[in-house]
1. Between a first residue in the range 43-63 that is without any contact (Cβ under 8 Å) to a residue 12 or more places away in the chain and a second residue that is of a type in the set (S, T, N, Q), which pairs have beta carbons less than 7 Å apart while being 6 or more apart in sequence or on different chains?
2. For G81, only one of the following conditions fails: (1) exposed (fewer than 15 other Cβ atoms within 10 Å of the Cβ); (2) part of a strand (DSSP E or B); (3) touching a helix residue (DSSP H, G or I) at 6+ places or on another chain (Cβ under 8 Å). What is its number?
3. Can you tell me how many residues in the range 87-127 are under 23 Å from F69 (Cβ atoms), among the charged types (D, E, K, R) and surrounded by fewer than 17 Cβ atoms within 10 Å (Cβ to Cβ)?
4. I'd like to verify a number: residues in the range 7-54 that are at pLDDT 95 or above, among the β-branched types (V, I, T), part of a helix (DSSP H, G or I) and closer than 23 Å to G93 by Cβ, how many?
5. Pairs only if they're at least six apart or on different chains, beta carbon under 8 angstrom, first in the range 87-113 and modelled with pLDDT of 95 or more, second part of a loop (DSSP other than H, G, I, E, B) and hydrophobic (A, V, I, L, M, F, W, C); list them, first residue then second.
6. Residue check, G81 against (1) farther than 21 Å from T41 by Cβ; (2) out of contact with any strand residue (DSSP E or B) (no Cβ under 7 Å at 6 or more places or on another chain); (3) without any contact (Cβ under 8 Å) to a residue 40 or more places away in the chain, all met but one. Which one?
7. Please verify whether I107 is farther than 17 Å from K60 by Cβ and aliphatic (A, V, I, L, M), treating the condition exactly as stated.
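The values are calculated or read from the model by the stated rules, or taken from the named source; none is laboratory data. Bear in mind the structure is a predicted one, so any value in this text is a computation, not a measurement. For neighbour counting, all protein chains shown are included, and Cβ atoms are generated from backbone atoms with ideal geometry for every residue, glycine included.
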Amino acid sequence: MNKPFDPVAHARAVVEAYLTASMIPDPETAATYVAPDLRLTFTGGRAFSGPADATAFNAKRYRWVKKRFLRTDAALDPETGEVRVFNTGHLYGEWPDGTTFDGNRYIDTFLVRDGLIVATDVWNDSAEILLARAGLAEAPL
């Protein structure tokens, strides 16, 4: 007997595949999981048109960066059929000067419609960590 389609499980799988491709980084594969009119917003309100733009931004901020997933949660909007997905965890990698980091908290939110990511918002502690490294933090981290 065929299992019925589960839009929540499918949306979670799409998001995790997108994030995995993004962290390789492989923006071409990541782009296969997004709608043509993707709205991609990074911390600070930086708007990008697609995964290649985000990869280029990350290449300036980090020597390399990866995500350690802690959770991926999702909820279906029964009226629209859209699924809101939340992926949280920690970034780890190297800053441009070669200093390693780990434990940099992040949460990414996604809106998945018809099996494709149509919007994502990215939040993490990188800016606060960089301020602290520059001696500009208002309080210790």
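1. Matching pairs, first to second residue: A47/T41.
2. Tallying (1) exposed (fewer than 15 other Cβ atoms within 10 Å of the Cβ); (2) part of a strand (DSSP E or B); (3) touching a helix residue (DSSP H, G or I) at 6+ places or on another chain (Cβ under 8 Å), G81 fails exactly one: (2).
3. Here is the first cut: in the range 87-127, the residues under 23 Å from F69 (Cβ atoms) are 87-95, 100-113, 115-127.
Okay, now just the ones that are also among the charged types (D, E, K, R), so 94, 102, 105, 108, 113, 121, 125.
So of that shortlist, the ones also surrounded by fewer than 17 Cβ atoms within 10 Å (Cβ to Cβ) come out as 94, 102, 105, 113, 121.
Residues flagged as under 23 Å from F69 (Cβ atoms), among the charged types (D, E, K, R) and surrounded by fewer than 17 Cβ atoms within 10 Å (Cβ to Cβ) within the range 87-127 amount to 5.
4. 3
5. Listed pairs, sorted by first residue: F101/W95.
6. With respect to (1) farther than 21 Å from T41 by Cβ; (2) out of contact with any strand residue (DSSP E or B) (no Cβ under 7 Å at 6 or more places or on another chain); (3) without any contact (Cβ under 8 Å) to a residue 40 or more places away in the chain, G81 is out only on (3).
7. Numbers: farther than 17 Å from K60 by Cβ: yes; aliphatic (A, V, I, L, M): yes.
Here the answer is yes, as I107 does meet what is asked.
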